[in-house]
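I have placed the structure first, in the form of structure tokens, so that the comments after it can refer back to it.
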Amino acid sequence: MYTIMIIEDDPKIAGLLKSHIERYGDRAVFVEDFEQVTEQFKQLQPHVVLLDINLPSYDGFYWCRQIRTISTCPILFISARSGKMDQVMALENGADDYITKPFEHEIVMAKIRSQLRRVYGDYAARDEERKVELDGLVVYLERLEIELGDQKVQLTKKETILLETLMRRSPKLVSRETILEKLWDDSFVDDNTLSVNITRVRKRLAELGITDALETVRGSGYRLINNWKVAPSL
């Protein structure tokens with residue numbers, strides 16, 4: 001039995017979701033205190049989160065970021081907001097999928113089952129923790145973390161994917177088109193959104209003492225140059 005956490009302030013929608021989830025033999029739990037979502041998540045330890053955007057006090061984007069600091073649990077947004085930038089923001093803040101209201105319950109359940117298979121079931125990775133390493137710089141892909149020596153910095157999902165792409169091809173140039181495809185598939189993204197993510201990655205590297213390693217090749221793309229090697233003391 002899997003546990004699905006429903007963060008939805010419309011009782012009717014939440015009730016319908018709970019009913020369909022339980023038909024599959026799984027457990028569905030409502031969030032009741034929208035001021036303490038993270039604490040309820042920690043207590044519940046759900047396998048999947050269904051998350052609305054428009055919530056009391058803080059929106060779904062905020063709670064998605066909070067959950068991502070402690071878990072890689074699949075998060076599916078379910079919202080009446082159907083704009084492209086709402087979907088981009090959801091994915092940028094760590095969501096795994098986005099479903100617009102009104103929705104077909106069969107589609108929601110299919111997406112939930114797909115995430116359960118991917119993370120916990122037939123398609124789940126069985127080997128050791130996935131990571132990418134470049135001359136001592138390590139990105140842990142599941143725990144969303146970057147490490148250099150004894151220093152560690154937490155990453156968002158998008159920052160992790162971006163760093164993985166750059167590190168795997170370093171020191172070669174990675175085109176803007178390749179990065180856009182890796183991060184957003186076919187979603188519409190403007191130049192500013194990509195620039196914001198590049199800036200965030202530079203800040204994460206700077207927290208590890210790495211500066212000027214992520215180069216912009218104007219009009220073409222970006223490349224990661226290894227300049228963090230420290231020469232041995234004589």
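Identify the GluC sites (Glu not before Pro) of region 1-68 meeting these criteria: DSSP loop state and at most 12 other C-beta atoms within 10 Å of the C-beta.
Working: sites: E8, E22, E32, E35, E39; in loops: E8, E32, E35.
Taking region 1-68 and a limit of 12 other Cβ atoms within 10 Å, the loop GluC sites (Glu not before Pro) found are E32, E35.
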Structure shown: which of K12/K158; K42/K101; K18/K101; K18/K157; K84/K172 lie over 24 Å apart, alpha-carbon to alpha-carbon?
-> K12/K158; K42/K101; K18/K157; K84/K172
Efficiency by 1/(1 + (r/R0)^6): what FRET value for Q154 and R176, r their Cβ-Cβ distance, R0 = 30 Å, to the nearest 0.05?
-> 0.70
Rounded to the nearest 0.05, what FRET efficiency do E35 and T216 have when you use their Cβ-Cβ distance and R0 = 35 Å?
-> 0.25
In nm², what is the average projected area of the convex hull enclosing the Cα atoms of region 45-173?
-> 10.0
Per DSSP H run of at least 4 residues, take -39500 (n - 2.57); add these up for the chain, divide by its residues and hand me the 222 nm value, nearest 500 deg cm²/dmol.
-> -12000 deg cm²/dmol
May I ask you to give the solvent-accessible area per residue for region 131-224, in square angstrom, as obtained with a 1.4 angstrom probe?
-> 52
Quick one: Cα centre-to-centre distance for region 93-167 and region 1-72, in angstrom?
-> 19
State, as an integer percentage, the relative contact order of region 55-120 based on alpha-carbon contacts under 8 Å between residues 6 or more apart.
-> 33
Portion, in percent, of the accessible area of region 23-133 that falls on carbon or sulfur, probe 1.4 Å | 44
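So what's Rg/Rh here for region 3-120, counting alpha carbon atoms and using the Kirkwood radius for Rh?
Taking Rg over the Kirkwood Rh, I get 0.91.
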Å² per residue, accessible surface of region 1-89 at 1.4 Å | 48
(i) 1.11; (ii) 0.97; (iii) 1.05: which one is Cα Rg over 2.2 N^0.38 Å as calculated from this entry?
-> (i)
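The values are calculated or read from the model by the stated rules, or taken from the named source; none is laboratory data. Just so it is clear, the structure is predicted and the values come from calculations on it, not from any experiment. Cβ: placed from backbone, ideal geometry, glycine included. Neighbour counts: every protein chain shown. Remember, those area values only see protein heavy atoms, side chains included, never the ligands or the DNA or RNA. Shrake-Rupley method; radii C 1.70, N 1.55, O 1.52, S 1.80 Å.
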